[in-house]
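Right, one structure below, let's go through it.
The values are calculated or read from the model by the stated rules, or taken from the named source; none is laboratory data. Just so it is clear, the structure is predicted and the values come from calculations on it, not from any experiment. So basically every Cβ, Gly included, is an ideal-geometry build from the backbone, and we count neighbours across all protein chains shown. We work out accessible area using only protein heavy atoms, side chains counted, and drop any ligands, DNA or RNA first. Shrake-Rupley method; radii C 1.70, N 1.55, O 1.52, S 1.80 Å.
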Amino acid sequence: MRPILRRNPGRPVEAPAPRSATGMTRGTRRALQVALLGAIVAGSSAFAVEVAGNADDAASTGTPSTLASLDPTAAARDMFAVGSRGEARETLASDVTIRVDGATYPVVSGATTVAEALQAAGVVLGTEDRVSLPLTDALPDSGVIVVSRVTVEETTERSEVPFSTVEQPDAGLAVGVREVVTAGQVGSRSVTYRVTLVDGVEESREELMSSQAAPVDEVVRVGAEPRSIARAMVAARGWGSEQFVCLDRLWTKESNWNPNAQNRSSGAYGIPQALPGSKMGTVAADWRTNPATQITWGLNYIAGRYGTPCGAWAHSQAVNWY
């Protein structure tokens, strides 16, 4: 029972309600703390508390009836909870905040572990989410608990694989003319990745599988004179430019590079003057008209018998045949 103070005989006056160091009555402070807790749980960073009291309290303490600018953190430190027996006991919230989903929330509950603090703040963790502190750790006195949202997804990326063009010199076509023999086809490559995103930003990716459809080369016949065909074939065999010079001299002497040239006395035929000309049929059936077939056979013959065109040319100069 509160003590009775007497201002004058015959009229008892009840003593003013006890006040805290801040000047607020216990009832006012309790109403403020309950309102503050509700505002924080709702995720609000600002609140207003309407203080109910008589005019004497407001006038004597100088405390305004509406505390719209009260600091939530300072107020949280002054809040109290009701014990199991209904007794009021004061408790201090720790200087810990939770950072999640782009926002920061203060911890003002009676949580004792990291898991309890997250639960009190209404933070629901996904199976892959990460927390900066172990959930079973005791709640620290200060600091920030960071919750990172982690998602893992599979994605497939597809890309084209370009085809190559293979040119086949053909003396049967006019110089500069191009004729497609086989149309090229673009290939494709498909790669499936497992991608890990942390707060929406890619952290890593792991290749799970890949497949590829090979491209089809485009084959083009290119009109060229016999010398151009021979120059390309000489280079393809790894012979230097000096070997083509010897070859040019040899076959200019033999046939002047005419695929239809025929020796009337011996019957030798074509650019390399094969004797008989049918020998060139071992390369292709078009040996009578196709310079490329004739040149291929002639180079095979030279390589097998003389080693190089310069060796064949030296022999021709010595004995007038090769």
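Tabulated data for the structure shown
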{"quantity": "Hits in the stretch 125-167 - residues which are assigned to a loop (DSSP other than H, G, I, E, B) and of a type in the set (Val, Ile, Thr)", "calculated": "Thr127, Thr136"}
{"quantity": "So Gly281, is it open to solvent by less than 50 Å² (accessible area, probe 1.4 Å) and at pLDDT 95 or above", "calculated": "yes"}
{"quantity": "Given (1) among the charged types (D, E, K, R); (2) within 56 Å of the chain's Cα centre (by Cα); (3) closer than 19 Å to Asp170 by Cα, number of the condition Arg288 does not satisfy", "calculated": "(2)"}
{"quantity": "Candidates Val175, Val123 - the one that is in contact with a helix residue (DSSP H, G or I) (Cβ under 9 Å, 6 or more places away or on another chain) and surrounded by fewer than 12 Cβ atoms within 10 Å (Cβ to Cβ)", "calculated": "Val175"}
{"quantity": "Residue count, the stretch 232-278 (criterion: open to solvent by less than 30 Å² (accessible area, probe 1.4 Å), in a helix (DSSP H, G or I), farther than 15 Å from Trp321 by Cα and hydrophobic (A, V, I, L, M, F, W, C))", "calculated": "2"}
{"quantity": "Some residue of the stretch 204-225 being within 30 Å of Gly102 (Cα to Cα) and of a type in the set (Gly, Ala, Ser)", "calculated": "yes"}
{"quantity": "Tabulated pairs, the stretch 130-150, first touching a residue at least 60 places away in the same chain (Cβ under 8 Å), second surrounded by 13 or more Cβ atoms within 10 Å (Cβ to Cβ), C-beta under 6 angstrom, 6+ apart or interchain", "calculated": "Arg130/Ser148; Arg130/Val150"}
{"quantity": "Filtered residues of the stretch 106-163 (kept if more than 21 Å from the chain's Cα centre (by Cα), among the polar types (S, T, N, Q) and over 30 Å from Ser190 (Cα atoms))", "calculated": "Ser109, Thr112, Thr113, Gln119, Ser132, Thr136, Ser142"}
{"quantity": "Single residue of the stretch 210-221 satisfying the filter (among the hydrophobic types (A, V, I, L, M, F, W, C) and open to solvent by 40 Å² or more (accessible area, probe 1.4 Å)) that is nearest to Asn290 (Cα to Cα)", "calculated": "Val216"}
{"quantity": "Qualifying positions in the stretch 178-209 - open to solvent by 60 Å² or more (accessible area, probe 1.4 Å) and in a loop (DSSP other than H, G, I, E, B)", "calculated": "Ala183, Val186, Asp199, Gly200"}
{"quantity": "The stretch 253-291, residues that are on the phi > 0 side of the Ramachandran plot and free of Cβ contacts under 8 Å to residues at least 24 places away in the same chain", "calculated": "Asn256, Gly267, Gln273"}
{"quantity": "Total residues in the stretch 248-302, condition over 20 Å from Ala314 (Cα atoms) and among the basic types (Lys, Arg)", "calculated": "3"}
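Residues checked against (1) hydrophobic (A, V, I, L, M, F, W, C); (2) at negative phi; (3) in contact with an Asp or Glu (Cβ under 8 Å, 6 or more places away or on another chain):
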{"position": "Gln119", "(1), (2), (3)": "no, yes, no"}
{"position": "Leu133", "(1), (2), (3)": "yes, yes, no"}
{"position": "Thr136", "(1), (2), (3)": "no, yes, no"}
{"position": "Asp141", "(1), (2), (3)": "no, yes, yes"}
{"position": "Gly176", "(1), (2), (3)": "no, no, no"}
{"position": "Val186", "(1), (2), (3)": "yes, yes, yes"}
{"position": "Thr192", "(1), (2), (3)": "no, yes, yes"}
